[in-house]
Every structure is written in C-alpha cells, then in structure tokens.
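Student: I'd like to ask you about the structure that follows.
The values are calculated or read from the model by the stated rules, or taken from the named source; none is laboratory data. No experiment lies behind these values; they were computed from the predicted model shown. No Cβ is skipped: glycine too gets one built from the backbone with ideal geometry, and neighbour counts run over all protein chains shown.
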Amino acid sequence: MSSLADRLRAAGRGAARWETGLAIVVLAVIIGGSAASPQFLTGSNVFDMGLSNGEIAIMTLPMTLVVISGEIDLSVASMLGMSSALLGVLWSHGWPMPAIFVAVAALGLAAGALNGLLVTRLRLPSLAVTIGTLALYRGIATILLGPTTVANFPTAYTNLGVNGVPGTNGDVTYSTLIFVVLAIGFGVVLHATPFGRSIYAMGASAEAAQFAGIRVKRIKTVLYMISGLICALAGVLYTFRLNTSVENNGLGLELDVVAIVLLAGVSIFGGKGSMIGVVLAVLVFAGIQNALLLTNFNQEATGIVTGALLLASVFVPNAARWIRHLTRPRTQKA
Amino acid sequence: MKSRRALALALALPVAATAALSACSSSTSGTSSSSAPASTAASSAASTAASSAASSAASSSSLKTGLKVFVIPKQLGQSYFTTADSANSGGAIAALNALGETGTETSGTAATPAAQIPAIQAAIAKGANALIVSATDPTALCPTLNAAMKKGITVVTYDSDAPTCRSMFINQASTAQIGTSEVDVLAKELNDTGQIAIVSAASSATNQNAWIGYMKQELKKFPKMSLAAVVYGNDDATTSTQVTQGLLEQYPNLKGIISPTTVGIAAAAAVLDTPKYRGKVLLTGLGTPDSMKKFVADGTVQEFELWNPADLGYLAAYAAVELASGAITGAAGQTFTAGKLGPFTVGTDNTILLGPPFVFNSANINNFNF
C-alpha cells in the first residue's frame, strides 16, 4: 500500500512540469510588471488587484473541481448575477441581512443542483446544459430586479470594497483572504482526501470510476451544488464591493474563470490539474491585466492577452505531445 | 509530409503571433506616444497660448500646468466619447494640451462600473492630479472616487453624473430640457397621438434614467400618447438591435421610438430602415450627425438632438483644470472662462450647463462632421 508521500510524489512528478512553468511565468509577470511601472508592487495596487479579481478567483476554485471531474460549468457568472439580484430584491423589501444570506445560499445551492441534475440524471452534456443555465439564471436575475438598481447597502458591508482586512496595512482585501482560505480548503479536499481522488478518477474515466464503486452522479451533483454556493458567495461579495445590485452584475466573467482554470494546467478533458496551478494562474491573470492597465496599453486589446493566454494553455501541453509525435521513428509509417 | 506541414505550422504560428503583437504594440506606442509629443508640443504651445489666454481673461494665468489629467468615459470605443475626449476633434484632450497639461483617455470596454473602476484605480496609481469621469453608475464608483478626492485628486464628472462623489458636474444640457424636448420632438412628428417606446442604454446609467424620468413626466401632457416600454440596449449595438426588434414584434401598434443614446439610435435606425417600418414607426433621440446622415436622408429619422460632444469634453477639461488649480472651488455662482467656449457660471448642485440641446434635421445635418 503506497503511502501518502509516495502518492503525492507520483502526482507531483507529472504535475510539476506545468506548475513550475507557471511559477516562472508568475516571476516574469512580477519582474515585468515592476519594470513597466513603479506602482506595480505597491500595497495599494495589490489591494486594487484583489478588489478587481477577488470574485473571479473565488469562482475558479469549484470550477477546478468540476473541470477535473470531466465536466464544465459556464453558468458561474449568471449564478453570481442571480444571487446579486436576489440580495438586492430582498434588501429593498426590508429583509434582515442574515436571512438574506440564508436565502442567497439556498438559491445558489438550488441553481447548482439544477445544473447537476440536468448533467447527471438527464445525461446531457454539461457544456450545453450550463450554457442554457447561463441564459436562464441571467434571465431570472433580470426578472427579480427588473431594470432597477439597488444601491443602498449598509456601509458595514460595502466597506469590503473600500478597506482591507484589519491588520494587513489595508493591502489585503476580504475577497483575497476568503480566496486564500477557500483555496487551502479546496486544495486539501482535492489532493488529500478520497473524495478528491474520486474526482480525478471520474475525470480520467467516468465508466471506470463507476465500476470501481465511485458514485459518479452523486459526486458530480455535489460539485455543481458547491459551485452554486460559492458563486452565490462571490455574488454577495461583488454586490457589496460595488454597492450595486443590478441585473448585469458579473456579465461575461465565466470566460475569465475558465481561462484561469485552463491556464492552471487543468485539462479540459478532465482528470488532471492541481490547486497550486490554480493559485499561480490567478496570480498570472491578475498580474498581467493589472500591469497592462498601469502601462498605457490599449485597453480595448487586453482581451487579446487573455485570449492568447488561454490558447497557449491549451496549445502548449498538446504541443509537447505533437513534438514527441514528430520525433518518433518512422517505422510505423503506413 | 504530414510532419513537415505540422513543423511548418509550428514555426508559422510564433511568427504570426510576433507579427500580430508588433502590430498591437505599434498601436499602443501610437496611443502612448500621442500624449508624449503632445505634451512637448503643448509646452511650447502653452507659452503662446498662455500669453493669448492671459490677455483674454486674467483668471487663466493662475492655472497650473503640467497636471496629469485622466479622461474616463463610460467605455472605450464609443464614437460619441471619442469625439468628446480626443485631441483632434477639439475635445477634452485638446483643451488639456492647450492648457499645458497631460491628458490621457482610459476606461474599460463595457459600460459597467466593474469595467470602469480598474481604469480609475490605475489612473490614481499613475499619479493623476485630476479625473474627468462619465459615470456608469451613480453610486458604484463612489468608494473609488471618494478615495481619489481624499488623496487630493480633483474629480469632476461629465455627461453622466455621480452626484455624491465629485466636485463638479459638467452637464451637456439641462436634464429636464433633454427629456422634455425628446418627447416634444416625437409628439410633433406623431401629431400628439400614438404608442411609443424608449430604447435606452444601461439600466443603471445616471443620465439615461434622469432623462427618462422627465420624458415620462412630459408624456402626461399628451393624453393620446402612451409609453409601451423602456428597453435597455446597454450601449451595445447588437443588444440595441435585438431589443428594438423585440419592441416591434411585441407592440404591433408602436408608432414611435425615442432612443436617447447614440449607440441605441443608430441601431434602432438600422432596424427601422426598411420599407415595412420607415415612416410608419418614427424614430428620434440623441444621435451623432455622422451616424444619422443616411437615415435622415432616406426619411427613417426626421429630427434628432444632440450637443457638440467635443465642446462638452473641452468644457469639462477646463473646469477640471480650474478646480485643480484652485482658481474655483465649484460653488454655485462662481464663473470661469473655458477658452474658446467663453464664460460659464456654476449653477446649483455644482453643475455647469454646456447649453441647450441642438436639433438636427435634413436642413442642417450636412454642416456637421462628428
């Protein structure tokens, strides 16, 4: 029976190459960013980066688990928007905040459960299902709020968009802190529990996992529900940070979340990936976007950078296989 | 054969990528260096401009030079804001260059607070002395703008206000006048009868909601007219087209549309520019002359309004520099001279009005090029 250390070492050997590359890219971004602008490494800039990317980073965590299990969840930004809308509507009707939090969490779990059930019970491809729920949940957000904007949340909550965590010299946002705590939690679950191992197994082969006794459908549904709950949390943070609950909150963020997860080395086909990679990818993404903003880069073109990163992260692992294919001896040529 | 093609592809991709990136970087060096030579040219121009300005108005000689001013429209890529902000249209950056300041336009690519806030934060990080902002939301920007003002940065809004977190608001025309005149123009075209709808921009935009409020009020004067719906095109051409088509399908008796946004009116005009709707569903709103020339010529649109966005940006720049130099404090009753636009007086709520909205129609539209 191999020990945990042996298992980690084996997993580490395979995963280490991509994550090492990512770590080098993070260093390059830090060096390049501070060369491009003296404000890059300042405390207030780190704070601003945390504000702009905190919710996206938090949403990448359950997305990682979903993608490793062999599925995808494109409705994350719409679940964020829907929870933001519910938060606004209930607040404008005078509900007390603790009750609102419970309601929003319940909505997130329900939204995730719907995703999970459609994917596992009706056996529909998750890409199609979550594109559908992307539209559905955004529509629900629009119905909940209508064209109105709720913008009178109490300052005790909206301060998380203004002040940092006390004791960090105002440089660490609450969303960054939450991201770090959740990343550690998700990382432990993914890499050091049987639950995490079954996620990898499902991603490698759902059928083999099923025959090995892993309850694939139940676990996938749970993963989608976790995704819904975390996106609801992200929605609450987003709403308080901007002090605005409006139907288009979070529009389009799912692409950034997927880009980061793929950049992290998580295979889109499932079965491969690590939490360290996700954390490094978040740093790369946030760092590059921020560095470009601090230089006079044409902001209309920052999408090119995100897109190029995404393409590179899909191309490079397959390029390695390609090159091996090219250098293979020609004995098998038909 | 297969491997050689694959190898060629693998080599061609990085080459293509480098070519694309160098094309991108040449555009960035174009945009970034446009402020650099402008500032060196402006420093020599400023001495001549300062002497002529000093002779025309004594107060302008007390204005600071070398300020870093960031112009932050609702989003990049909207021709209305490009006209309002850029140097070669005589907008905000032209005024800033003439005054000897460094002007840069920056914003996000979607007209939302979430996209605009990082640009504002970056401007603050880059050492802005003044921010000229068209607010995507009346309150969402406030934490960032208040933090800027606490750092001593002058914050003025133009085009769309954030009433509780700026020192001055440069309004293109009286909000009430814009709203009521839009309805009056359409009512005249419709003979005071018919069902109308509004194609707006983003549902949170301060200026849109203020104008729509006055439109609804003015509609009460026309009992035979009714408002079917207000739909939101989010200042995105595709969305505006879709919501306009949705209106036409949902309300077959629709007689008129008001679109108080240059993106919305252009999209709606394109939808209505067919024999089925032209002349049957009338369109008016706020549009730029260039985008509307074709539709006025073929009768899809009879009259529409706007103001000169370049003048708005120009005035906003002067106001920001006056404030940043301490020449005015933005209180009601204070006056200053905004270069070629002449004298202005600050009104209530620290607001300056550029002037009345201008009505474009087939008689005068060809005199304008923006």
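Every residue, every condition in (1) out of contact with any strand residue (DSSP E or B) (no Cβ under 8 Å at 6 or more places or on another chain); (2) closer than 21 Å to A:Arg138 by Cα; (3) free of Cβ contacts under 8 Å to residues at least 40 places away in the same chain, yes or no:
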{"site": "A:Arg197", "(1), (2), (3)": "yes, no, yes"}
{"site": "A:Ala204", "(1), (2), (3)": "yes, no, no"}
{"site": "A:Gly213", "(1), (2), (3)": "yes, no, yes"}
{"site": "A:Ile226", "(1), (2), (3)": "yes, yes, no"}
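Student: Here's another thing I want to ask about it. For segment B:130-184, enumerate the residues that are free of Cβ contacts under 8 Å to residues at least 24 places away in the same chain, out of contact with any strand residue (DSSP E or B) (no Cβ under 9 Å at 6 or more places or on another chain) and of a type in the set (A, V, I, L, M).
Tutor: Of everything in segment B:130-184, just one residue is free of Cβ contacts under 8 Å to residues at least 24 places away in the same chain, out of contact with any strand residue (DSSP E or B) (no Cβ under 9 Å at 6 or more places or on another chain) and of a type in the set (A, V, I, L, M), namely B:Ala147.
Student: If A:Ala23 satisfies every condition in (1) surrounded by fewer than 23 Cβ atoms within 10 Å (Cβ to Cβ); (2) within 11 Å of chain B (Cβ to nearest Cβ); (3) among the aliphatic types (A, V, I, L, M) but one, which is the exception?
Tutor: (2)
Student: If you take the residues of segment B:59-85 that are small (Gly, Ala, Ser) and within 14 Å of chain A (Cβ to nearest Cβ), which of them is surrounded by the most Cβ atoms within 10 Å (Cβ to Cβ)?
Tutor: Start the filter on segment B:59-85 by keeping residues that are small (Gly, Ala, Ser), which leaves B:59-62, B:66, B:77, B:79, B:84.
Next, only the ones that are within 14 Å of chain A (Cβ to nearest Cβ) stay: B:77, B:79.
Working: B:Gly77: 14, B:Ser79: 16.
By that ranking, first place goes to B:Ser79.
Student: May I pose another question? For segment B:103-123, which positions are facing chain A (nearest Cβ under 9 Å) and more than 18 Å from A:Leu51 (Cβ to Cβ)?
Tutor: B:Thr104, B:Thr109
Student: So which residues in segment A:249-302 are over 30 Å from A:Ile140 (Cα atoms), small (Gly, Ala, Ser) and part of a loop (DSSP other than H, G, I, E, B)?
Tutor: A:Ala264, A:Gly265, A:Ser267, A:Gly270, A:Gly271, A:Gly273, A:Ser274
Student: Report every pair of residues separated by at least 6 positions or lying on different chains whose Cβ atoms are under 9 Å apart, first residue within segment A:93-116 and touching a residue at least 40 places away in the same chain (Cβ under 8 Å), second of a type in the set (Phe, Trp, Tyr) and not in a helix (DSSP H, G or I).
Tutor: From residues that are touching a residue at least 40 places away in the same chain (Cβ under 8 Å), the pairs are A:Met97/A:Phe153.
Student: Please indicate, with yes or no, whether at least one residue in segment B:130-139 is in a loop (DSSP other than H, G, I, E, B), within 13 Å of another protein chain (Cβ to nearest Cβ) and closer than 18 Å to B:Ala317 by Cβ.
Tutor: yes
Student: Could you go through segment A:226-242 and let me know if any residue there is in contact with a Leu (Cβ under 6 Å, 6 or more places away or on another chain), surrounded by 24 or more Cβ atoms within 10 Å (Cβ to Cβ), within 12 Å of another protein chain (Cβ to nearest Cβ) and within 21 Å of A:Ile131 (Cα to Cα).
Tutor: Scanning segment A:226-242, I find no residue that is in contact with a Leu (Cβ under 6 Å, 6 or more places away or on another chain), surrounded by 24 or more Cβ atoms within 10 Å (Cβ to Cβ), within 12 Å of another protein chain (Cβ to nearest Cβ) and within 21 Å of A:Ile131 (Cα to Cα), so the answer is no.
Student: Hey, A:Leu80 hits all of (1) under 22 Å from B:Gln121 (Cα atoms); (2) touching a Gly at 6+ places or on another chain (Cβ under 9 Å) but one; which does it fall short on?
Tutor: (1)
Student: For residues in segment B:343-370 being assigned to a loop (DSSP other than H, G, I, E, B) and loosely packed, with under 11 Cβ neighbours inside 10 Å, which is modelled with the lowest pLDDT?
Tutor: Among those residues, the one meeting the criterion is B:Asn369.
Student: While we're on this one: Among the candidates A:Ala105, A:Ala57, A:Ala15, A:Ala5, which residue alone is at pLDDT below 90, in a helix (DSSP H, G or I) and buried (at least 16 other Cβ atoms within 10 Å of the Cβ)?
Tutor: Answer to the check: A:Ala15.
Student: Right, something else. Going by what's in this entry, would B:Pro163 be described as more than 10 Å from every other protein chain (Cβ to nearest Cβ), out of contact with any Lys or Arg (no Cβ under 8 Å at 6 or more places or on another chain), crowded, with 24+ Cβ neighbours inside 10 Å and not β-branched (Val, Ile, Thr)?
Tutor: Numbers: more than 10 Å from every other protein chain (Cβ to nearest Cβ): yes; out of contact with any Lys or Arg (no Cβ under 8 Å at 6 or more places or on another chain): yes; crowded, with 24+ Cβ neighbours inside 10 Å: no; not β-branched (Val, Ile, Thr): yes.
Criteria not met by B:Pro163.
Student: Okay, next question. The conditions are (1) out of contact with any Asp or Glu (no Cβ under 9 Å at 6 or more places or on another chain); (2) surrounded by fewer than 22 Cβ atoms within 10 Å (Cβ to Cβ); (3) closer than 30 Å to A:Ala141 by Cα, and A:Ala308 fails exactly one of them. Which is it?
Tutor: Exception for A:Ala308: condition (3).
Student: Name the residues in segment B:351-370 that are among the β-branched types (Val, Ile, Thr) and closer than 14 Å to B:Glu305 by Cα, would you? Please lay out each step first, then the result.
Tutor: First pass over segment B:351-370, keeping only residues among the β-branched types (Val, Ile, Thr): B:351-352, B:359, B:365.
Selection gives B:Val359, B:Ile365.
Student: Scan segment B:216-231 and give yes if some residue there is buried (at least 24 other Cβ atoms within 10 Å of the Cβ), in contact with a helix residue (DSSP H, G or I) (Cβ under 8 Å, 6 or more places away or on another chain) and among the charged types (D, E, K, R), otherwise no.
Tutor: No - not one qualifying residue is present in segment B:216-231.
Student: Further question on the same structure: Considering each of B:Lys151, B:Lys126 in turn, give the residue that is basic (Lys, Arg), facing chain A (nearest Cβ under 9 Å) and surrounded by fewer than 24 Cβ atoms within 10 Å (Cβ to Cβ).
Tutor: Answer to the selection: B:Lys126.
Student: OK, next. Could you list all residues from segment A:284-322 that are within 11 Å of chain B (Cβ to nearest Cβ), among the polar types (S, T, N, Q) and in contact (Cβ under 8 Å) with a residue 40 or more places away in the chain?
Tutor: Those that are within 11 Å of chain B (Cβ to nearest Cβ), among the polar types (S, T, N, Q) and in contact (Cβ under 8 Å) with a residue 40 or more places away in the chain: A:Gln289, A:Asn290, A:Thr295.
Student: A follow-up question, please. Could you please give the count of residues in segment B:317-342 that are part of a helix (DSSP H, G or I) and touching a Lys or Arg at 6+ places or on another chain (Cβ under 9 Å)?
Tutor: 2
Student: Using beta carbons and a limit of 7 Å, which pairs, at least six apart or on different chains, have the first residue in segment A:168-188 and surrounded by 14 or more Cβ atoms within 10 Å (Cβ to Cβ) and the second one polar (S, T, N, Q) and modelled with pLDDT under 95?
Tutor: Pairs found: A:Gly170/A:Asn163.
Student: A further question follows. Checking A:Gly271 against (1) away from every other protein chain (no Cβ under 13 Å); (2) in contact with a Lys or Arg (Cβ under 9 Å, 6 or more places away or on another chain), which test does it fail?
Tutor: (2)
Student: Restricting to segment B:88-126, name every residue that is modelled with pLDDT of 90 or more, in a loop (DSSP other than H, G, I, E, B) and not charged (D, E, K, R).
Tutor: Selection gives B:Gly91, B:Gly100, B:Thr106, B:Ser107.
Student: Can you confirm whether segment A:119-140 contains a residue that is touching a Pro at 6+ places or on another chain (Cβ under 9 Å) and in a helix (DSSP H, G or I)?
Tutor: yes
Student: I've got another one for you. Within the bounds of segment B:186-197, is there any residue that is buried (at least 24 other Cβ atoms within 10 Å of the Cβ) and over 25 Å from A:Gly146 (Cα atoms)?
Tutor: Within segment B:186-197 (the criterion being buried (at least 24 other Cβ atoms within 10 Å of the Cβ) and over 25 Å from A:Gly146 (Cα atoms)), the answer is yes, since at least one residue qualifies.
Student: Could you list all residues from segment B:86-105 that are among the β-branched types (Val, Ile, Thr) and either crowded, with 24+ Cβ neighbours inside 10 Å or touching an Asp or Glu at 6+ places or on another chain (Cβ under 9 Å) (or both)?
Tutor: Once the filter is applied, which keeps residues that are among the β-branched types (Val, Ile, Thr) and either crowded, with 24+ Cβ neighbours inside 10 Å or touching an Asp or Glu at 6+ places or on another chain (Cβ under 9 Å) (or both), segment B:86-105 yields only B:Ile93.
Student: Sort out which residues of segment A:35-54 are within 14 Å of B:Lys126 (Cα to Cα) and facing another protein chain (nearest Cβ under 9 Å), and write them in order of number.
Tutor: The answer is A:Ser37, A:Gln39, A:Phe40, A:Thr42, A:Ser44, A:Asn45, A:Asp48.
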